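Working notes, beginning with the structure itself.
Nothing in this text is a laboratory measurement; each read-out follows from the coordinates by a stated rule. Keep in mind that this is a model prediction, so the values were computed, not measured. Note: ideal-geometry Cβ built from the backbone for every residue, glycine included; neighbour counts use all protein chains shown.
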C-alpha cells in the first residue's frame, strides 16, 4: 500500500487581544522534517431481525474526494446509535459501514456519501442466515473485503457463538453486493482454536502480490493474543499454520484484541485494542514490524485513549483503517453510555489519519510538545519546575528575539488550535510571539500570576498543512516561562 502524499504545509498569521482567540490566517509550505475478553453475554444478545437486506445504493461513475458532512467533528460520533466494532469500505461513490450485531440484525449495514456522513442505517440484516454451527445474537466484529479488481464476491469474516459450546469462532460468508445478503459457508468455522478459547475480531490483510492473510484474537483471557494465518487465494480457507504475533504487556490493561494491519512508511503497522471494551480505559495502540510475521515492536503510549482525548471520547477502540487515494481515515467506536456491568452503548467515530513514516497521527487527539524538549537555540534555559508537566519548563528567554522552536506534525491539512501553558511570575508585562515556519507572527500576552502557578493562554487557531511544521515562540518582552504547547 502506497504511502500517502502530504498536502500543502502552511504558516501562521494574525493578531488579537488576550481576551479573544488569537486569529491566524493561511499557512505556507514548509519542509522542516525535524526528527526529533472474553466478551460478556450481557451486551451482545439483542433480538435479531430477519428482514431482507436492502439493495445497495446507486454509485456515480466518478468518485471525487469526499467532503466532510456538515457539523462533522473528529470527537463526535458519525453514527450515534449502537454501532460497535465498525469497519467501512467504499463502493463507487457510496460508503458502507458494518458493525457488531444490534437490534437491526446480525450484520447491521449503514451507507453514506462520505466517511463522515451523513450515515443512514439500512433496514434489514446483511447476514440474515447464520451457518449451522452458529447461535443467533452473538455475531461480532465483522470485516468485509471488496472484490479485487472488481471480480469475485464480497467476503465477510465474522465471529459467532458456537451452538455446542460456550466459545466464539470465526466464520466466512460471501455476497454479490456490498449490502448483502451474505451467504455463510457451511461446514466447520474458518478459525476455531478451542484450546485457546476460540477466536474473535477477524481482520483481513492483502499483500500487493495478492497474498491474503487473516488476523484474529484468541479469546481465552489468560491466553488472549493476536494471531496471523495465511489464506488461500480466494480468501475462504486457511493455507498455513497460524502464528501468534502479539500478546499483552504489563503496562496494558487486561488483554489485547481487535487487530487491524496496514503497511506504511516501509513497515507493517498493527493497530490493536487493549482492555475491557466496556470500561473507560479501553484504548487503541499500535506496533510496527519489518516483516508481516514480526517481531512487532509496540509504541510506548496509546494512540487513542480517554485521557488522550481529555474525556471527550470514552474508551476509543476497535480501530479500522479506511485507505483511500485522498488519505487514510481511522474508524473506531467509543462509549456513549454506561448501562452497568458490561452493558454499554458504543457509537462509531471517524477521524483523519496521517503518517509520520510508520507513526500514525490521528486528527482530534491533542498532541503535547514539552518546551524543554524543543530546540533551545542556545538562549533558552531548561528549568526544574515541580508543578510543570514532567517537572521541567523552558525560560526565561535570554534576550528578545530568542526563539524556542518545536517541530509539530499535522496529520492532514486543516484548522487546528494551539494552547500555550506558561508562567509569568513577574508583576510586569510579558509577551511572546508565536509563528509557524518563521512567518506571520501573532502576539501571545502572558498574564502575571502568583509564583509557582501556571496558566494556559487563550486558544490560538489557524490552518496547518499536512506533515511537519515548525512552531516557534520568541520573547518580545518580560520574563515568561513555557511549560508546553498543545496542538489539537
- Note on the structure: With R₀ set to 22 angstrom, the calculated FRET efficiency between the beta-carbons of residue 237 and residue 207, to the nearest 0.05, is 0.80
- Item | Fraction of antiparallel bridges per DSSP, region 345-488 only, in percent to nearest 5 | 100
- Note on the structure: Largest first and rounded to whole Å, the semi-axes √(5λ) derived from the alpha carbon gyration tensor of region 293-373 read 24, 18, 14
- Pairwise FRET efficiency - residue 183 versus residue 73, Cβ, R0 = 35 Å, nearest 0.05: 0.35
- Query: When ranked by the protection proxy of mean other Cβ atoms within 10 Å per residue, highest first, what sequence do the peptides 145-151, 214-220 form?
  - Reply: 214-220, 145-151
- Note on the structure: So residue 249 and residue 427, fully extended at 0.36 nm per residue minus their Cα-Cα distance, gain in nm 59.1 nm
- Scaled by the rule-of-thumb 2.2 N^0.38 Å, the alpha carbon Rg for region 135-203 gives a ratio of 1.14
- Task: Would you calculate the separation in nanometres between label points at residue 375 and residue 194, each defined as 7 Å from the Cα along the Cα-to-beta-carbon direction?
- Result: 6.3
- Starting from the Cα coordinates of region 344-410, work out the convex hull volume and express it per residue in Å³. 153
- Query: Taking the Cα-to-Cβ direction at residue 453 and at residue 223 and moving 7 Å from each Cα, how far apart do the two end points lie in nm?
  - Reply: 5.9
- Computed E for residue 301/residue 164 - FRET, C-beta separation, R0 51 angstrom, nearest 0.05: 0.75
- Percentage of interatomic Cα-Cα distances in region 87-360 larger than 35 Å: 9
- Item | Whether the chain is rounded, prolate or oblate, judged on the alpha carbon gyration tensor where a/c under 1.5 counts as rounded | prolate
